[in-house]
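For reference, the structure is listed below as structure tokens.
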Amino acid sequence: MADDANLSFVFHRGLLSKPDCEGCPLKGERIIAPEGNPHAILALVGEAPGYMEAQQGRLFVGPSGVFLDKILARAEVSRAELWLTNAVLCKPKTVTIGAKILNPDQVLRMAADHCRGRLIDELRIVKPKAIVGLGSQAVRSVYAPTASLKGRRGGIHSISLDQISGDLKTDDGHE
Ligand code: SF4
């Protein structure tokens, strides 16, 4: 499903809670909606839409999406079986706030704080058995904004979505 029809679809199905856009540096930008199987056992969480995603109104359609498709094809898994989402639903860009000029990386981190409640709600609704965070911001948004990524990269960690809060503790002892 392409473009903003998907946004209406996920809102309609109650799969996308209202993001906290007020105060977000990307307020007013085009929202690229999550998509996929609302009963998926695997959710992929990327960082944010890139140029191609913002152009086409779909997640994972840029170079990283091409790479993802190759991996999925090799595993004989289709996108339609997964839940695909991002830590931040709008494409980060340079933003001026007062006298400060924030680069897209700084904006990504700020926007992730505003978009995290929506991400966690979404994951609680879909209830995947496994969540793959693609990129450090994605992993932080799933765990906690201040989480240390030491020892997490490439690892498998057990968490309960019911226990996720602003300062999620995982049952593997990390904070
Ligand atoms: S990134 Fe998320 S919180 Fe920020 S404007 Fe977009 S949808 Fe709203």
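The values are calculated or read from the model by the stated rules, or taken from the named source; none is laboratory data. Everything numeric here is computed off the predicted structure, so don't read it as measured data. No Cβ is skipped: glycine too gets one built from the backbone with ideal geometry, and neighbour counts run over all protein chains shown.
Structure summary
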quantity	calculated
Qualifying residue in region 5-22 (condition: assigned to a loop (DSSP other than H, G, I, E, B), modelled with pLDDT of 90 or more and within 14 Å of the ligand (Cβ to nearest atom))	yes
Segments classed as strands (runs of 3 or more DSSP E), wholly inside region 33-127, with at least 2 members that are surrounded by fewer than 16 Cβ atoms within 10 Å (Cβ to Cβ) and away from the ligand (no atom under 16 Å from the Cβ)	100-102
